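Structure record follows, encoded as structure tokens.
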Amino acid sequence: MSANPDFDTYQLPDSHRQLRAAVRELADAEIAPHAADVDEQARYPQEAHEALVASDFFAPHIPEEYGGAGADALATCIVIEEVARACASASLIPAVNKLGTMPLLLAASEEVKQKYLPPVASGEATFSYGLSEREAGSDTAAMVTTAAEQPDGSWILNGHKAWITNAGVSKYYTVLAVNDPDGRRGANVTAFVVEDTDEGFSVGPKERKLGIKGSPTRELYFENCRIPGDRIVGEVGDGLKIALRTLDHTRVTIGAQAVGIAQGALDAAVAYVKERQQFGKRIADFQGIQFMLADMAMELEAARQLTYVAAAKSERGDRDLPFFGAAAKCYASDVAMKVTVDAVQLLGGSGYVRDFPVERFMRDAKITQIYEGTNQVQRIVMARQVLA
């Protein structure tokens, strides 16, 4: 039988494998040791922030022409995955930097890109994303935050945004607002860059959350907040299109985060069952335990491969990215929830206490089924793609 050279390419390039090793070494040495305290104190993972900036993993997706590392979508997913394996809260630093800047990369003028991307690439600024509202979560077009154009070309924003990741830490925000309340639904929204020093802009108190406690989640408030006209992202009225295109790409990063969380939980469970003894032998030697581990590892690897395929499609801008982005996010987050629950079960009573990390992984995993579109919404997205 002759060898088929096509099969030789079905593996990560050396550059990506080396990247994984570098991020894992960094995460194990400088992020993981602080993860429990970050969770316990519900404090921002500043140690991780500084380590990611120093290593160029803070916003690796930003192109080189704007001072970034120019990492492709798959490489960015590997960074997020490996950081999440150590600390899910910390993994939201590169993930949300991509979420906040993706509208600019997709649609902003060169002037806007040149102004706002280099500070993020250098680690001087974090960039968040303001789409959701209390009454406009899955139904994004129902947002009520408004943007009124002024005679001098500036815009006045009024309203609020909810559940904004890293709000209060970020210097910049991509904010979606209705520019024409009487306009056609979905075609009356515009995207703007808001700076944390803009008059009339403020953030609310931190939400008290089940998981990812180190990543602050706050509301954004706009009270006659004036935005210069040159801070529009894309064209007036194209905001919702840009927002949905953004999510096609960034849902893949949530898949990567979920894979990392699940891997961290599986690693902890494997280490535990190899040491824990009952009835005179390691519990790893019991077939029931082995079956659980086999299912966890199998489903995790399937999630990883689906996420990597979606990342490749994101990089190429494939037409079927909406399906694969939704599938990767949905499947990987469901797997992360199952794997982390099983990890707690494998540790028994030890899994239920904070002396071991699996209960934190379980709490952190839950949000991956919810944010950037609930998994129910992901299934709607996938079904529409299938039916189309």
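Go through (1) of a type in the set (A, V, I, L, M, F, W, C); (2) outside any helix (DSSP H, G or I); (3) within 26 Å of Pro13 (Cα to Cα); (4) open to solvent by less than 30 Å² (accessible area, probe 1.4 Å) one by one and return the number of the condition Ala125 breaks. It is condition (3) that Ala125 fails. Ala88 meets all of the listed conditions (1) buried (at least 21 other Cβ atoms within 10 Å of the Cβ); (2) among the aliphatic types (A, V, I, L, M); (3) over 15 Å from Thr165 (Cα atoms) but one, namely (3). Scan region 184-226 for residues that are more than 27 Å from the chain's Cα centre (by Cα) and β-branched (Val, Ile, Thr) and report the count. Looking only at that region, the number is 0.
Scan region 20-32 residue by residue and report those that are surrounded by 13 or more Cβ atoms within 10 Å (Cβ to Cβ) and of a type outside the set (Val, Ile, Thr). Before you say what the answer is, go through the steps one by one.
First pass over region 20-32, keeping only residues surrounded by 13 or more Cβ atoms within 10 Å (Cβ to Cβ): 20, 22-24, 26-28, 30-32.
Arg20, Ala22, Arg24, Leu26, Ala27, Asp28, Glu30, Ala32, listed by residue number.
Only one entry of Leu306, Leu247, Leu300 meets the criterion of being in contact (Cβ under 8 Å) with a residue 40 or more places away in the chain, out of contact with any strand residue (DSSP E or B) (no Cβ under 6 Å at 6 or more places or on another chain) and open to solvent by less than 10 Å² (accessible area, probe 1.4 Å), and that entry is Leu300. Would it be correct to say that Ile261 is in a helix (DSSP H, G or I), out of contact with any strand residue (DSSP E or B) (no Cβ under 7 Å at 6 or more places or on another chain) and crowded, with 17+ Cβ neighbours inside 10 Å? Considered against the rule, which asks whether it is in a helix (DSSP H, G or I), out of contact with any strand residue (DSSP E or B) (no Cβ under 7 Å at 6 or more places or on another chain) and crowded, with 17+ Cβ neighbours inside 10 Å, Ile261 comes out as yes. Screening Ser202 with (1) more than 27 Å from Tyr44 (Cβ to Cβ); (2) open to solvent by 30 Å² or more (accessible area, probe 1.4 Å); (3) of a type in the set (S, T, N, Q) gives one miss only, at (1).
Restricting Ala95, Ala59, Ala51 to those that are touching a Ser or Thr at 6+ places or on another chain (Cβ under 8 Å), in a helix (DSSP H, G or I) and open to solvent by less than 20 Å² (accessible area, probe 1.4 Å) reduces the list to Ala95.
Listed by first and then second residue, the pairs with beta-carbon distance under 7 Å, at least 6 apart or on different chains, first residue in region 42-69 and within 13 Å of Ala27 (Cα to Cα), second open to solvent by 30 Å² or more (accessible area, probe 1.4 Å) and of a type in the set (Asp, Glu), are Glu47/Glu30; Ala51/Glu30.
The values are calculated or read from the model by the stated rules, or taken from the named source; none is laboratory data. No experiment lies behind these values; they were computed from the predicted model shown. Note: ideal-geometry Cβ built from the backbone for every residue, glycine included; neighbour counts use all protein chains shown. For the accessible areas, the whole protein counts, side chains as well, though only heavy atoms, and no ligand, DNA or RNA atoms are used. Shrake-Rupley method; radii C 1.70, N 1.55, O 1.52, S 1.80 Å.
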